[in-house]
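Just so you know, all these numbers are worked out from the coordinates, no wet-lab data involved. Just so you know, these numbers come straight off a predicted model, no measurement behind them. Don't worry about glycine lacking a Cβ; one is built from the backbone with ideal geometry, like all the others, and counts go over all protein chains shown.
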Amino acid sequence: MDTMNDEFYMSLALDMAQRAQGQTGINPVVGCVVVKDGVMIGLGTHLQRGGGHAEVHALNMAAGQAQGSTAYVTLEPCSHYGKTPPCSQRLIDEGVTRVVVACEDPNPQVAGRGVAMLREQGIEVEVGLLRSRALRLNERFIKYILTKQPFVTLKTASTLDGKIATRTGDSKWISNAEARKIVHTLRHRHQGIMVGVNTVLADNPTLTTRMDVPGLNPLRIVVDSTLRIPLDAKVVSDGGAPTVVLTTEAADKVKASALAAAGVQVIACGPGPRVDLHKAMTALGEQEISSILLEGGGTLNGAMLESGLVDRVILFYAPKIVGGTAGTITFPGVERMRDAITLEGLEVEVLGDNVCISGTPARK
Ligand code: AOF
Ligand code: ZN
């Protein structure tokens with residue numbers, strides 16, 4: 001049994017926040033637990049953008065009984081009037097006397113002001129309990145609020161020799177059922193899913209979320225410099241989720257209009273001949289897409305990684321060796337080992353006979 005202490009309540013708050021991943025849009029996931037005289041009197045989670053913040057839900061549950069209580073919050077309480085009034089003020093008004101915070105809110109509108117507001121009123125504030133878990137949980141929010149660029153998770157499933165298909169192009173299935181389930185949870189947790197047009201041509205995927213329970217479909221994003229995408233591709237015609245095609249100014253205007261008529265948003269990113277991936281990320285950020293799951297073929301994965309646009313890499317490995325040249329991540333390659341793209345903060349998970357390795361490309 002875990003012992004009861006500050007960490008006990010904070011990890012509950014983090015667990016609640018974690019369960020809301022994927023449904024808060026550009027907003028962070030936040031959990032709050034209010035404890036008084038050894039008893040939990042309020043629990044709250046920020047569930048949707050525009051909805052109440054975690055502290056508000058928890059304090060509403062406490063129903064006026066929060067004087068002298070401790071509030072555990074996974075993100076610094078806000079100090080600004082956004083879609084809702086400031087949570088710091090609400091904590092003050094309710095008579096909370098101690099606030100334990102896991103991590104600071106990087107939102108420039110908050111960034112320390114929430115904690116300062118509480119301290120000015122004599123509230124005891126501690127910051128940093130389980131900070132690394134809290135930062136990991138909101139890595140997508142943190143990147144987007146600071147840069148207005150989407151957080152990109154590159155996901156691949158490959159054989160042990162790093163192949164995403166056999167030499168004839170056969171790719172079903174590489175990874176096991178457990179790994180494939182996780183991929184659908186990842187789709188639910190990202191606002192966009194991105195592939196190259198070659199994947200659409202080869203597999204005609206739906207790029208929707210299929211879990212044991214209903215999930216959210218991400219925006220479908222296809223990188224297609226010359227608009228080769230067929231009008232009868234599932235991502236164009238099945239109505240499963242909105243679709244964006246990223247192309248260049250040089251692309252065929254007639255095809256672009258036909259795609260637009262089919263309900264697809266076509267965005268020209270640079271003059272060509274290739275899609276300017278930096279411009280593409282800016283354009284998607286402007287549409288409030290704060291996170292993207294990159295399920296590209298080797299070429300798009302390689303181009304995104306080489307451009308420094310990938311924030312997390314998740315590699316699923318199956319215990320198979322197939323040879324051939326269908327690489328997971330393809331780019332011209334570095335000359336020296338010391339120039340390798342290195343992953344930091346490695347997380348390894350064994351999923352039956354598959355292994356999942358995840359990490360963050362080091363910024364040089
Ligand atoms: C908190 N508790 O539960 C959340 C916070 O548009 P709004 O009003 O929802 O404000 C969004 C901003 O508020 C978001 O960017 C982040 O800085 C903070 N989110 N703060 O105290 C919460 N969700
Ligand atoms: Zn708030």
Discussion item. Can you order the peptides 350-361, 287-298 by their average number of other Cβ atoms within 10 Å per residue, highest first?
Written reply: 287-298, 350-361
Worksheet item: What FRET efficiency, computed as 1/(1 + (r/R0)^6) with R0 = 35 Å and r the Cβ-Cβ distance, is obtained for Glu349 and Arg167, rounded to the nearest 0.05?
Response: 0.75
Worksheet item: In degrees, nearest 10, range 0 to 90: what is the angle between the Cα axis of helix 6-19 and the longest Cα principal axis of the chain?
Response: 40 degrees
Discussion item. Taking the Cα centroid of region 23-96 and of region 282-307, what is the distance between the two, rounded to the nearest whole Å?
Written reply: 34 Å
Practice prompt. May I ask you to compute the full-extension gain from Glu7 to Met211, defined as 0.36 nm times their residue separation minus their alpha-carbon distance, rounded to one decimal in nm?
Written response: 70.3 nm
Item to complete: Express in whole angstrom the spacing between the alpha-carbon centres of region 174-208 and region 130-144.
Response: 24 Å
Worksheet item: Tell me, in nm to one decimal, what length is gained between Arg274 and Arg180 on full extension, where the rule is 0.36 nm per residue of separation less the Cα-Cα distance?
Response: 30.7 nm
Item to complete: Take the alpha carbon atoms of region 321-351, find their center, do the same for region 224-256, and report the distance between the two centers in whole angstrom.
Response: 30 Å
Response to the item:
In whole percents, the bins of 5 Å from zero upward hold the Cα-Cα pairs of region 257-338 as 3, 10, 16, 21, 20, 13, 8, 6, 2, 1
Discussion item. I'm checking a number: the convex hull volume of the Cα atoms of region 6-141, normalised per residue, in Å³. What is it?
Written reply: 87 Å³
Discussion item. From the helices alone, meaning DSSP H stretches of at least four residues, give me the mean residue ellipticity at 222 nm for the chain, per-run term -39500 (n - 2.57), in deg cm²/dmol to the nearest 500.
Written reply: -8000 deg cm²/dmol
Worksheet item: Which of Gly68, Gly22, Gly302 moves most in a GNM of the chain, Cα contacts under 10 Å?
Response: Gly68
Worksheet item: With no solvent and one point on each alpha carbon, what is the Debye value of log10 I(q)/I(0) for region 149-361 at q = 0.19 Å⁻¹?
Response: -1.57
Practice prompt. Give the Rg/Rh ratio for region 92-227, taking Rg as the radius of gyration of the Cα atoms and Rh as the Kirkwood radius, to two decimals.
Written response: 1.14
Practice prompt. Mind sorting Lys279, Lys155 by how few other Cβ atoms lie within 10 Å of their own Cβ, fewest first?
Written response: Lys279, Lys155
Item to complete: Quick one: work out the % antiparallel among DSSP beta bridges in the chain, nearest 5.
Response: 40 percent
Discussion item. Test of understanding: in a Gaussian network model of the chain with alpha carbons linked when under 10 Å, which of Pro205, Pro214, Pro28 would top the mean-square fluctuation ranking?
Written reply: Pro214
Worksheet item: Which net charge results for the neighbourhood of Val200, defined as the other residues with beta-carbon distances under 10 angstrom from its beta-carbon, given Lys and Arg at +1 and Asp and Glu at -1?
Response: +1
Fill in: P(r) of the chain over all Cα-Cα pairs, binned every 10 Å from zero, in whole percent
5, 22, 28, 22, 14, 7, 1
